[in-house]
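Encoded as structure tokens, the structure appears first; notes follow it.
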Amino acid sequence: MDFWLHVVNMIGLFIMLGVSLNLLLGYGGLVSMAQAAFFGVGAYAAALSARDLGLPFPLTLVVAIVVTTLLAGVVTFPALRVRGEYLILLTLAFQMVIYGLMLSWVDLTAGRTGISGIPRPRLFGKTLVTPAEFLPLIAAGALVTFAIAYRIGESPLGRVLKAMRDDETATLAIGKSVLRYKVLVFCVSGGLAGVAAGLFAHYQAFINPFSFNLDRSIFLVALVVLGGTGNLLGTVAGAILFVGLPEVLRFLQARQDIVDAIRNLVFGLLLVLFMRFRPEGLVPEHARGRRRQGVGQPAPAVSVTGILPSAGPAHDGAGPALVAQGLRKSFGGIKAADDLSLALPRGKVTALVGPNGAGKTTVFNLLTGFLAAEAGTVSLQGEDITRLAPWRTVRLGLARSFQDVRLFERMTVLDNVLVALPEQPGERLGPLFFAPRRTAEAERRNRDQALGSLAFVGLADRAGEIASSLAFGEQKLVALARLIATGADVLLLDEPASGVDLQWVRRILGLIRQLAAAGKTVCIVEHNLEVVTAVADHAYFMEAGRIIAEGRPEELMADPRLADIYFGTSRR
Amino acid sequence: MSLLAVEGLATGYAKKQIVFGVDLRVEAGEIVALMGHNGAGKTTSLKAIAGLLPLWSGGIIFDGEPIGQATSAARVRRGLSLVPQERFVFADLTVADNLELGAFSVADPTIAAAQREKVLTLLPVLAERRRQLAGTLSGGEQRMLGLGMALMRRPRLLLLDEPSLGLAPLLVERIMETIRDIARHDNLTVLLVEQNVRHALAIAQRVYIMRTGRLIVEETGAAMAARGEWWDLF
Amino acid sequence: MLALAAQLATNGLISGSLYALLGVSWGLIFATTKIFHFAHALTLTVAVYAAVLAVGQWGWGLPAGFLLAAVVGCLFGVATERVVYRPLRRVNATSLNIFLASLGLLIAGESAVLIVFGPQARDLPGFPISGIALGPVAFTTVEGLWLAGSWALLLLLIAWLWWTRYGRAIRAVASNRELAQCVGIDPERMSLLVFGIGSALVGLGGMLLALRDTVSPTIGVQPVLTAFIAVFLGGIGSIPGAVLGGLVLGLAENMGGLLLPGHWQGVIAFVVLFSVLVFRPSGLLGVRTR
Amino acid sequence: MRGNRLWVGMSLVMMAGWAVLAPPAPAEAQEPVKLGMILAMTGPGAFYGQVMSRGAQLAVDQINKAGGIGGRRLQILIEDHKSGDADAAVTGARKLLDVDKVPVILTSYSAPTLAIQPLAVEKKVLLLNGGGVGSVLVGKRNLYNTRMLSSQTAPFVVQWAVSRHSAKRVATLFWNDAAGQGVNGAIKEACGKLGCQVVAEEPHDIGAKSYSAQIARIKAARPDVLALGSFGDDVGYILTQARAYGITVPILGVDWTPNAQKIGGKTMEGYAIAVDRFDPAAGDDKTKAFVEAYKAAHKDSPEFYAANYYEHVELILRPLMKRILDRGGDPAKQGELLGEMERALSARLKFASVYGGDMQIHPDGTVSKPLGVYDVKGDALTLIGRIVDGKIQARP
């Protein structure tokens, strides 16, 4: 029986490791090839603190968790700067450095000889030795780890992580500090791996670097991916299938070495085949039963003011909501903004028009902090925001949309909007775990508000669908609902009507007018002067990084000089 | 028979449809302009015609032969050439390498050499800069190089995507003149995507206007020019 | 001390040259196709096993073994591209998924080699190993061959890339895939070509390694990890960068011997990579990407 | 969604299939005594696993052919530790101890042996190690080593260096693990006593293949002799590279294998070791019988690793089991073999050895076997000195 209980314990440990990695990889979109390294560092920390410092068991577990959490925090900083292949390689390098240290720093780790004589833990006056005695402890560990990961994954915090995974830029644009969440998810993932590590060291009573090598990191990534990223149940299924099942093979009457090779062969081939035919893994992120949220609920009555959350303090002073002065920015030799000044009057729709390449989108990027201006200032409601990060400007009440919508494509429509709501207690670990009722209440309110935003744009009935499955016009509306949800008072819309059919254009323009009527300050970038005329109170005409005219849209259209610039000078 | 006939062209990126059934034709020797504002699907249409994007439905007939399923390389060999809107030179290769690559589809080295002579006479600035990396050229020079590369392979139909983008007005005029000259002398057919309406009208015999993935206007350049005002179209 | 430094520098140059070759073999594929081809390690293993079989068991000469390794590597690489990667591209697989498939292929392939050839190490007979002394520095004949062989192949490849039609086309695809299509280059064919060339090179590189080391089913992983490092040190997309990266890596590893005991070599490589990625993410010669 | 169910279903079918494939254990009246082995069946050390299992299997086959021990047949069960993976060793050991209920496990390598030792204690199972040579294996309950530890032999290397080569300056190059470190420590200690000085200490990774940096540093230290604390193939690589890099001083060590000889070739000439050496060509009748039988089965002369595990079964377990059966006990029962071993040791019982003569296993788990100093001539080892009472007696 001990043998099978041992297998169950190993599955439990792998569930912990897999879940910790899934949080990072499936939710945060951060590929780490170093999970085994964290596991190992935690195991060594627990082993050494127990054997050499004589710490008692629960304390050694704490040591393991603290050490892995801190280490994860340290690795995050270089990892923040890189993405994609670079992140894979960076974490791979980290894995190799840690493994090399375990092998070579013999004075501390005893190299490949390993550390033996790790004391068995004593709990409630009983020393745990056999797999059966360990089972409750490991099961509890797996349960707690899973519960923590699940709580995070399926909370507002998990929603932000998924948003970050799907589109970092758009996550910044809804007022979330990508940096903060990356550090957070790395640390949490490291800490959860530390739980597994602490238990593992005491359970095996012996550790050596072999258990923490690159192969194991690769195995963990494969396990999570085959199980299904972004769904923790998939990881559990993966651990049972790929850790537990092969042990059955031990009972085949065949040579051990061949059996092991066949297992790996099958495992490798499965990985290739899954990537081709079922990349979402055994249990996909949006498995049955998980997609229904928001559907079937009656959409609350839609009154424009009711659905408009407000982030900052109410501003009812006179004067423009946003003022930019003397902005300059150049790329290479091209001046994208050249001593550019503008002001957005409160509660009005202002348009930024001009030919392609005039620098309109650049202006948005400068105003919202996505680009740093070389000179000039931006002030929002009288406050200087020139040097602020994009997510901070959103918190202060200035938000922007993107020409190419940039929805969080693998999330539901409702989640796309929900994630943008400001100040959600469930986005922080403290309230999430220690004030569950407040978190739940806030979530209920936020849901209503998000559904309200969706009802406002007329898409409440699509709330449960995956964003990428919507038509482009609908996606634009979702993006608008998401923008409204940030609660910003000043909204910058980049080509809200481009790429959609006429009936959609009318609908979007109507919504923009309603927003302005409700007191929002709106600025749109637009090519189509007809659209501008229909919606804007005031327009700036840009060319080559400068504003060369302003006035009512009809006035600008009547100006033959501007027509020349827009349509080109006729040749004589 | 038209040199290029496109029927019911539909295409897009990944799952996102951008172009919803476009019919257009280009006669041999014509310069045709395709216009419309941002996001209308002009560039996407050109890419589909050049074979950079798969055809979702519809057909493309070039010189009497259906090419809708051919690879882009096969289309280039038949004489259909696209100069893209952005990144139209190999920035980290030399000007000379860029020109050679322009003629990649020309198997016969003597033809390529002759063509190189011709292009360098036409665009003398390139001759001076042969050893330079293309990325170090000025915006105008890079445009010239992009055009020169296309000419290296002696195309019959040139698809030009916003050749005036990001250029100073004076340079735009030069580019347009160059295009017209080349079209005239080499009996080249051009399908041009252009923002600058007047410039396009100055050289185009016919005009198509797109909006949200569909054609909304087809008329001669003259008729278009006669409207005098185009705010409602763009 | 000076003699030690000279010796270590020589060692660094020698291993750096082989790293450069391995780096270029992988970097060429990565630059052109953007595939994080982890299974390159499998190509090396397969090519070298074929040659070991031919030389050790069928009694082929060593030069014929080298030729066979190149041919087998080339074919295996091309087959990988056709059978595994191209279908994945057709269904718009993400680069992460392609990377994972590559990992899966490596795991499965190594196991297959293990099942067919058994776990025991084999060796590549037939090369006389002796010492060559040049003043204060000494190296073995194998290392001499590494130096000569690596540079011969590197220079040949660079010449081919810079002065021939297809070489230029490959650089064009690496530089700007879409424009390459516009000028009539078929990127799918170029993918096959770089997989063929890169895989042949890694087969030859593996043979150079096998002259000194024994051959086991996992022989490919370490050299290919080294290749990654060389490429990312030098800057992805740059062939001269990969050469430089390989040399820097070899020198760093060995010159580290002035300060640290030799067994820290393996760690040094990854510390160097880690630091470069932190302080200069695009590599030494890399083009700045957004 | 339907696809989802399909995949889960397919996985379940796979699971069921595997479960069915696992055959139920056949019930037998007189079950054989099962001997567990945890060896390097895969990974870089697979060669050792193969040789060790052959040695043990040969002994088992011989015993079974002769009708077993007092009618009890033997059966060997092998689990793989993948050349040093402690996790794999533990899982394998759990299976052997719990499912197969073996009374004894023959292990190899230092780390896996250490990893499974607590489990053996828990189940009262005897552990015999004939492979690992780390000094960390000394003084572990239930664990008995039948190979002399490198730290026991290394002092004689220094003695030889000082007496034969008048060495004042010694450089060491050794495995960066317990075994290698043990050699290095023993050499330093012996040097302190015999008046020489260790001028360079260079650890290297096991199976490193390239030693250029270490050799360059050693060369710069200008030693009179180079002493190796490396084992297996590594010795061959080191000799080749050291000679190629112009190290001309004598090279001594504690390990030599035919495979290392093949790798090192001519550069191995003169390489001298102090070791408890198994020589297939020497020894008494039991040695000859073993060598003949091994050659007949595998067409190859046995390695000393094969000899060690043959010895485990034939010369240690067999007499122990005989004694258990004689007093009416059941050798298959966990605890019996261990108890018998402990009784035998406290009675200072000697076991015969295929190395020739007897071996003395000590209660701390170490062993004493005949020791000698050998060097390579041609492509074989020749005895150049016997060690008697802690002193080397050179043979003319």
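Of note:
- Residue in the stretch C:145-157 that is exposed (fewer than 14 other Cβ atoms within 10 Å of the Cβ), within 20 Å of the chain's Cα centre (by Cα) and farther than 16 Å from C:Phe66 by Cα present: yes
- Within the stretch B:185-234, tally of residues that are touching a residue at least 24 places away in the same chain (Cβ under 8 Å), in a loop (DSSP other than H, G, I, E, B) and either within 11 Å of chain A (Cβ to nearest Cβ) or among the polar types (S, T, N, Q) (or both): 10
- Cβ-Cβ under 7 Å pairs, at least 6 apart or on other chains, the stretch A:266-282 side more than 7 Å from chain C (Cβ to nearest Cβ), far side outside any helix (DSSP H, G or I): A:Phe274/A:Gly281; A:Glu280/A:Gly228; A:Gly281/A:Gly228; A:Gly281/A:Thr229; A:Leu282/A:Gly228
- Within the stretch A:33-45, residues that are without any contact (Cβ under 8 Å) to a residue 24 or more places away in the chain reach no partner that is in a helix (DSSP H, G or I) with beta carbons closer than 8 Å at six or more positions or on different chains.
- Being free of Cβ contacts under 8 Å to residues at least 60 places away in the same chain and within 13 Å of another protein chain (Cβ to nearest Cβ) is a property that does not hold for B:Thr43.
- Within the stretch D:65-96, the set of residues being away from chain A (no Cβ under 14 Å), in contact (Cβ under 8 Å) with a residue 12 or more places away in the chain and either open to solvent by less than 10 Å² (accessible area, probe 1.4 Å) or not in a loop (DSSP other than H, G, I, E, B) (or both) comprises D:Ile69, D:Arg72, D:Leu74.
- Residue within the stretch A:370-379 that is closer than 18 Å to A:Arg482 by Cβ and touching a residue at least 24 places away in the same chain (Cβ under 8 Å) present: yes
Residue-by-condition table, conditions (1) of a type in the set (S, T, N, Q); (2) at pLDDT 90 or above; (3) more than 13 Å from A:Val525 (Cβ to Cβ):
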| position | (1), (2), (3) |
| --- | --- |
| A:Pro345 | no, yes, yes |
| A:Thr350 | yes, yes, no |
| A:Phe370 | no, yes, yes |
| A:Gly376 | no, yes, yes |
| A:Glu383 | no, no, yes |
| A:Trp391 | no, yes, yes |
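- Counted residues, the stretch C:164-223 - those being β-branched (Val, Ile, Thr), within 29 Å of C:Ala64 (Cα to Cα), touching a residue at least 40 places away in the same chain (Cβ under 8 Å) and more than 7 Å from every other protein chain (Cβ to nearest Cβ): 8
- Residue within the stretch A:31-53 that is modelled with pLDDT under 95, in a loop (DSSP other than H, G, I, E, B), away from every other protein chain (no Cβ under 11 Å) and more than 22 Å from A:Lys182 (Cβ to Cβ) present: yes
- Just one of the numbered conditions (1) in contact (Cβ under 8 Å) with a residue 40 or more places away in the chain; (2) within 18 Å of A:Met10 (Cβ to Cβ); (3) open to solvent by 10 Å² or more (accessible area, probe 1.4 Å) is not true of A:Gly198: (3).
- Extreme residue, surrounded by the fewest Cβ atoms within 10 Å (Cβ to Cβ), among residues of the stretch D:204-218 that are assigned to a helix (DSSP H, G or I) and more than 7 Å from every other protein chain (Cβ to nearest Cβ): D:Ile218
- Leading residue by the ranking (nearest to C:Leu106 (Cα to Cα)) among those in the stretch C:24-61 that are open to solvent by 10 Å² or more (accessible area, probe 1.4 Å) and at pLDDT 95 or above: C:Val46
- Members of the stretch A:517-568 found to be open to solvent by less than 60 Å² (accessible area, probe 1.4 Å) and farther than 28 Å from A:Leu398 by Cα, listed by number: A:Met557, A:Asp559, A:Leu562, A:Ala563, A:Asp564, A:Ile565, A:Tyr566, A:Phe567, A:Gly568
- From the options C:Val202, C:Val173, residue that is of a type in the set (A, V, I, L, M, F, W, C), touching a Leu at 6+ places or on another chain (Cβ under 8 Å) and open to solvent by less than 10 Å² (accessible area, probe 1.4 Å): C:Val202
- Subset of the stretch B:54-65 that is more than 16 Å from B:Leu24 (Cβ to Cβ) and assigned to a loop (DSSP other than H, G, I, E, B) - its residue that is farthest from the other protein chains (Cβ to nearest Cβ): B:Gly64
- Taking the stretch D:177-203 as the range and being within 14 Å of chain A (Cβ to nearest Cβ) and either in a helix (DSSP H, G or I) or open to solvent by 10 Å² or more (accessible area, probe 1.4 Å) (or both) as the test, the residues that pass are D:Asp177, D:Ala178, D:Ala179, D:Gly180, D:Gln181, D:Gly182, D:Val183, D:Asn184, D:Gly185, D:Glu201, D:Pro203.
- When the stretch B:66-77 is filtered for residues that are surrounded by 18 or more Cβ atoms within 10 Å (Cβ to Cβ) and either at the interface with chain C (Cβ under 10 Å from one of its Cβ atoms) or within 13 Å of B:Ala107 (Cα to Cα) (or both), the ones remaining, listed by number, are B:Ser72, B:Ala73, B:Arg75, B:Val76.
Quick grid of which residues meet (1) at pLDDT 95 or above; (2) not basic (Lys, Arg):
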position	(1), (2)
A:Gly111	no, yes
A:Arg120	no, no
A:Leu128	no, yes
A:Ala132	no, yes
A:Gly141	yes, yes
A:Ala163	yes, yes
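- Failed criterion for C:Glu81 (all others in (1) open to solvent by 40 Å² or more (accessible area, probe 1.4 Å); (2) touching a helix residue (DSSP H, G or I) at 6+ places or on another chain (Cβ under 6 Å); (3) more than 9 Å from chain A (Cβ to nearest Cβ); (4) assigned to a helix (DSSP H, G or I) hold): (1)
- For the criterion of being surrounded by 21 or more Cβ atoms within 10 Å (Cβ to Cβ) and either at the interface with chain C (Cβ under 7 Å from one of its Cβ atoms) or touching a residue at least 12 places away in the same chain (Cβ under 8 Å) (or both), B:Val106 fails.
- Of all residues in the stretch B:1-18, those satisfying the criterion of being more than 18 Å from the chain's Cα centre (by Cα) and farther than 30 Å from B:His185 by Cα are B:Gly8, B:Ala10, B:Thr11, B:Gly12, B:Tyr13, B:Ala14, B:Lys15, B:Lys16, B:Gln17, B:Ile18.
- Some residue of the stretch D:97-114 being modelled with pLDDT under 90 and more than 8 Å from every other protein chain (Cβ to nearest Cβ): yes
- Scanning the stretch D:248-266 for residues that are among the hydrophobic types (A, V, I, L, M, F, W, C) and open to solvent by 10 Å² or more (accessible area, probe 1.4 Å) yields D:Val249, D:Trp256, D:Ile263.
- Residue check, A:Ile65 surrounded by fewer than 24 Cβ atoms within 10 Å (Cβ to Cβ), in a helix (DSSP H, G or I), within 14 Å of chain D (Cβ to nearest Cβ) and modelled with pLDDT of 95 or more: no
The values are calculated or read from the model by the stated rules, or taken from the named source; none is laboratory data. Remember, predicted model here, so these are calculated numbers, not experimental data. Quick reminder, even Gly has a Cβ in these numbers, built from the backbone with ideal geometry, and neighbours come from all protein chains shown. The area values use the complete protein model at the heavy-atom level, side chains included, leaving out ligands, DNA and RNA. Shrake-Rupley method; radii C 1.70, N 1.55, O 1.52, S 1.80 Å.
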